[in-house]
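Written below as structure tokens is the structure these notes are about.
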Amino acid sequence: MAELCTTVSPASLQGKRILLGVTGGIAAYKSAELTRRLKDEGAEVRVVMTKGAREFVTPLTFQAVSGNPVGTDLLDPAAEAAMGHIELARWADLVLIAPASADVIAKMAAGLADDLLTTLVLATAAPMLVAPAMNQQMYAHPATQANLATLKTRGVLLLGPASGNQACGEVGPGRLLEPLELVAMVSAYFVPKSLLGKKIVITAGPTREPIDPVRYLSNHSSGKMGYALAEAAVAAGAETVLVSGQVSLPVPPGVRRLSVESAAEMHAAVLAEIGNSAIFIGCAAVADYRLASVAAQKIKKTSDELELKLIKNPDILADVSARPDRPFCVGFAAETEQVLTHAESKLQRKKLDMICANDVSQSGLGFGCDDNAVTVLMRTDAGAGVRQQALPAQNKRLLARALISLIASEYLSRHG
Ligand code: PMT
């Protein structure tokens with residue numbers, strides 16, 4: 001019987017001091033939400049606004065959401081008395097500029113310091129993260145691209161931009177990333193590199209089992225959970241291989257993705273990669289069965305009934321776990337009833353180190369959604385017992401971070 005351990009995931013930015021620079025642009029309104037999300041993760045946030053930003057959102061908004069005075073002017077005696085700009089530059093653990101306009105990016109590249117924000121940028125030794133947001137033509141302009149390249153060579157980390165519909169009616173790259181995406185990236189910056197030098201293989205997404213040249217059997221997995229795990233594994237310093245079924249998600253930076261279709265292809269790709277791996281996470285929704293024989297031509301509608309004969313697919317996770325050189329093995333169990341009982345039986349049957357019991361009967365969680373919640377079942381050191389830790393409903397990217405941190409600490413406690 002599983003023993004209950006704890007029910008919360010730690011705030012990823014607890015005690016971190018973030019200086020948030022907000023510049024002029026329609027996306028400035030998203031920075032208020034960003035401030036709130038950073039605080040939710042435990043960060044202390046101080047906001048500095050340029051003159052342009054104050055045309056879109058008032059300092060009072062940021063004062064209310066951050067709980068701190070907002071910096072606007074370099075030569076404001078009252079603000080300097082509260083916390084001088086040099087003090088503020090030293091205070092920050094990290095500077096995040098979001099949204100960063102083409103103008104502020106150009107000033108930063110040129111080393112100008114004609115307002116509070118650009119002065120702080122020169123005066124701080126803190127790491128700098130910049131999230132550009134502007135019209136797609138302005139973003140594509142060679143001057144902006146050259147300025148961004150200059151910032152990159154100085155160690156500035158660029159976050160985004162995203163591509164899509166813009167406020168000006170155009171479509172293309174230049175949208176500010178969503179607040180939650182930015183929070184995940186800021187948190188990743190502070191993640192201890194506990195998996196440095198370790199290789200991790202993760203499966204994600206659905207498999208497709210062909211029926212004929214135009215049809216297949218599949219499921220509703222979007223790949224979001226597995227891709228979020230891969231992103232979090234990279235943030236923890238791991239060499240990360242993502243064996244992915246067919247999904248429409250971009251490859252997270254730093255991840256090596258191997259694209260597959262069927263369970264048999266996923267099985268072969270995983271076994272080819274697993275030899276020198278420290279950790280394997282099976283997050284994919286793998287089809288348990290495939291067609292006994294795939295029709296060479298499109299099946300015609302010649303009768304009222306059609307029988308398909310299915311045969312069992314190889315179990316990728318069980319095969320990895322049975323290897324003599326087995327890595328630390330983590331499974332997922334998507335269940336609609338008796339979730340913990342079924343998950344625990346999979347943990348035992350497949351001889352896993354951990355399994356994430358995933359109740360997919362709850363609306364808004366699990367397959368296809370942005371959010372998820374799991375209860376992690378872990379073998380105790382002695383091997384016979386099972387500990388349990390609930391990770392509550394949250395965005396999959398945040399959940400993935402909590403999971404990778406748990407996996408890393410369990411793995412390291414056994415393998416050093
Ligand atoms: O992709 P998303 O839309 O983000 O949704 C995420 C998810 C719900 C798919 C994910 O969180 C999840 O729960 N994945 C497991 C889905 C599943 O169907 O599990 P299962 O109970 O059938 O399989 C148990 C475990 O064995 C899983 O780790 C699975 O990857 C693995 N398995 C199963 C069959 C098989 N032939 N080979 C396997 O490796």
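The values are calculated or read from the model by the stated rules, or taken from the named source; none is laboratory data. None of the values given here were measured: they were computed from a predicted structure. Reconstructed Cβ throughout: ideal geometry from the backbone, glycine too, with neighbour counts over all protein chains shown. Calculation scope for accessible area: heavy atoms of the full protein, side chains included, ligands and nucleic acids excluded. Shrake-Rupley method; radii C 1.70, N 1.55, O 1.52, S 1.80 Å.
Within the set of pairs 6 or more residues apart or between chains, which connect a residue that is of a type in the set (Gly, Ala, Ser) inside segment 346-370 to a residue that is near the ligand (Cβ under 10 Å from one of its atoms) and open to solvent by less than 10 Å² (accessible area, probe 1.4 Å) with Cβ atoms less than 8 Å apart?
What qualifies is Ala357/Ala333; Ala357/Ala343; Ala357/Val374; Gly366/Asn372.
Looking only at residues that are touching a residue at least 60 places away in the same chain (Cβ under 8 Å) and either among the hydroxyl-bearing types (Ser, Thr, Tyr) or out of contact with any helix residue (DSSP H, G or I) (no Cβ under 7 Å at 6 or more places or on another chain) (or both) in segment 74-94, which one is most open to solvent (accessible area, probe 1.4 Å)?
Once the filter is applied, the top-ranked residue is Asp93.
Report, by residue number, each residue of segment 210-268 that is in a strand (DSSP E or B), without any contact (Cβ under 8 Å) to a residue 60 or more places away in the chain and within 16 Å of the ligand (Cβ to nearest atom).
Within segment 210-268, the first condition is being in a strand (DSSP E or B), and the residues that meet it are 210-212, 215-217, 239-244, 255-259.
Next, from what is left, pick out any that are without any contact (Cβ under 8 Å) to a residue 60 or more places away in the chain: 216, 239-244, 255-259.
Tyr216, Val241, Leu242, Val243, Ser244, Val255, Arg257, Leu258, Ser259 - these are the residues of segment 210-268 that are in a strand (DSSP E or B), without any contact (Cβ under 8 Å) to a residue 60 or more places away in the chain and within 16 Å of the ligand (Cβ to nearest atom).
Name the residue, out of Lys39, Lys51, that is assigned by TED's automatic domain parsing to the domain that holds Val156 and under 24 Å from the mean Cα position of the chain (by Cα).
Details: Lys51 fails: under 24 Å from the mean Cα position of the chain (by Cα).
So the residue among Lys39, Lys51 that is assigned by TED's automatic domain parsing to the domain that holds Val156 and under 24 Å from the mean Cα position of the chain (by Cα) is Lys39.
Does any residue in segment 270-282 that is touching a residue at least 60 places away in the same chain (Cβ under 8 Å) come within less than 7 Å, Cβ to Cβ, of a residue that is within 15 Å of the ligand (Cβ to nearest atom) and among the hydroxyl-bearing types (Ser, Thr, Tyr) six or more places away or on a different chain, and which pairs are these?
Matching pairs, first to second residue: Val270/Thr203; Gly282/Thr203.
Looking only at residues in segment 285-299 that are within 10 Å of the ligand (Cβ to nearest atom) and open to solvent by 90 Å² or more (accessible area, probe 1.4 Å), which one is farthest from Ile202 (Cα to Cα)? Can you show your working first?
The first filter runs over segment 285-299 and keeps only residues within 10 Å of the ligand (Cβ to nearest atom), leaving 285-290.
If we keep only those that are open to solvent by 90 Å² or more (accessible area, probe 1.4 Å) as well, we get 288-289.
Working: Asp288: 18, Tyr289: 21 Å.
The selected residue is Tyr289.
If you check Lys193, Lys198, Lys152, which single one turns out to be in contact with a strand residue (DSSP E or B) (Cβ under 7 Å, 6 or more places away or on another chain) and touching a residue at least 12 places away in the same chain (Cβ under 8 Å)?
Details: Lys193 fails: in contact with a strand residue (DSSP E or B) (Cβ under 7 Å, 6 or more places away or on another chain); Lys152 fails: touching a residue at least 12 places away in the same chain (Cβ under 8 Å).
Result of the check over Lys193, Lys198, Lys152: Lys198.
Would you be able to tell me the number of residues in segment 327-340 that are free of Cβ contacts under 8 Å to residues at least 40 places away in the same chain and surrounded by 13 or more Cβ atoms within 10 Å (Cβ to Cβ)? Before you say what the answer is, go through the steps one by one.
Of all residues in segment 327-340, those free of Cβ contacts under 8 Å to residues at least 40 places away in the same chain come to 333, 335-339.
This time we only want the ones that are surrounded by 13 or more Cβ atoms within 10 Å (Cβ to Cβ), so: 333, 335, 339.
Total satisfying the criteria: 3.
Is at least one residue of segment 40-48 assigned to a strand (DSSP E or B), of a type in the set (Gly, Ala, Ser), modelled with pLDDT of 95 or more and out of contact with any Pro (no Cβ under 7 Å at 6 or more places or on another chain)?
Going residue by residue through segment 40-48, those that are assigned to a strand (DSSP E or B) are 44-48.
Filter again for of a type in the set (Gly, Ala, Ser), leaving none.
No, segment 40-48 contains no residue that is assigned to a strand (DSSP E or B), of a type in the set (Gly, Ala, Ser), modelled with pLDDT of 95 or more and out of contact with any Pro (no Cβ under 7 Å at 6 or more places or on another chain).
Could you tell me which of the residues Ala184, Ala188 is surrounded by 15 or more Cβ atoms within 10 Å (Cβ to Cβ) and within 16 Å of the ligand (Cβ to nearest atom)? Don't jump to the end; show me each part of the working.
Details: Ala188 fails: within 16 Å of the ligand (Cβ to nearest atom).
Answer to the selection: Ala184.
Within the bounds of segment 343-350, is there any residue that is within 12 Å of the ligand (Cβ to nearest atom) and of a type in the set (A, V, I, L, M, F, W, C)?
yes
So for segment 326-342 (the condition being within 10 Å of the ligand (Cβ to nearest atom), over 27 Å from the mean Cα position of the chain (by Cα) and part of a helix (DSSP H, G or I)), does at least one residue qualify?
We begin by selecting, within segment 326-342, every residue within 10 Å of the ligand (Cβ to nearest atom); these are 329-335, 342.
Still in the list and also over 27 Å from the mean Cα position of the chain (by Cα): 342.
If we keep only those that are part of a helix (DSSP H, G or I) as well, we get 342.
Within segment 326-342, one or more residues are within 10 Å of the ligand (Cβ to nearest atom), over 27 Å from the mean Cα position of the chain (by Cα) and part of a helix (DSSP H, G or I).
Do you know which of the residues in segment 269-284 that are within 16 Å of the ligand (Cβ to nearest atom) and open to solvent by 50 Å² or more (accessible area, probe 1.4 Å) is farthest from Val360 (Cα to Cα)?
Step one: list which residues in segment 269-284 are within 16 Å of the ligand (Cβ to nearest atom), which gives 269-274, 277, 279-284.
Among the residues that remain, those that are also open to solvent by 50 Å² or more (accessible area, probe 1.4 Å) are: 271-272.
On the way: Leu271: 28, Ala272: 31 Å.
The extreme case among them is Ala272.
List pairs: first in segment 389-416 and in the same structural domain as Glu181 (by TED's automatic domain parsing), second buried (at least 24 other Cβ atoms within 10 Å of the Cβ) and in a helix (DSSP H, G or I), Cβ under 9 Å, 6+ apart or cross-chain?
none
Can you tell me how many residues in segment 12-39 are open to solvent by less than 10 Å² (accessible area, probe 1.4 Å) and at pLDDT below 95?
Here is the first cut: in segment 12-39, the residues open to solvent by less than 10 Å² (accessible area, probe 1.4 Å) are 13, 18-23, 28, 31, 34-35, 38.
From what's left, at pLDDT below 95: 13.
Qualifying residue count for the region: 1.
Name every residue in segment 186-203 that is at pLDDT 90 or above and part of a helix (DSSP H, G or I), in order of residue number.
Within segment 186-203, just Val186 meets the criteria.
Does at least one position in segment 363-376 carry a residue that is near the ligand (Cβ under 8 Å from one of its atoms), farther than 23 Å from Ala408 by Cα and hydrophobic (A, V, I, L, M, F, W, C)?
The answer is yes; a qualifying residue exists.
Show me the strands (runs of 3 or more DSSP E) found entirely inside segment 344-410 where at least 1 residues are open to solvent by 50 Å² or more (accessible area, probe 1.4 Å) and in contact with a strand residue (DSSP E or B) (Cβ under 6 Å, 6 or more places away or on another chain).
Working: elements: 354-359, 371-379, 386-395.
Passing ranges, in order: 371-379, 386-395.
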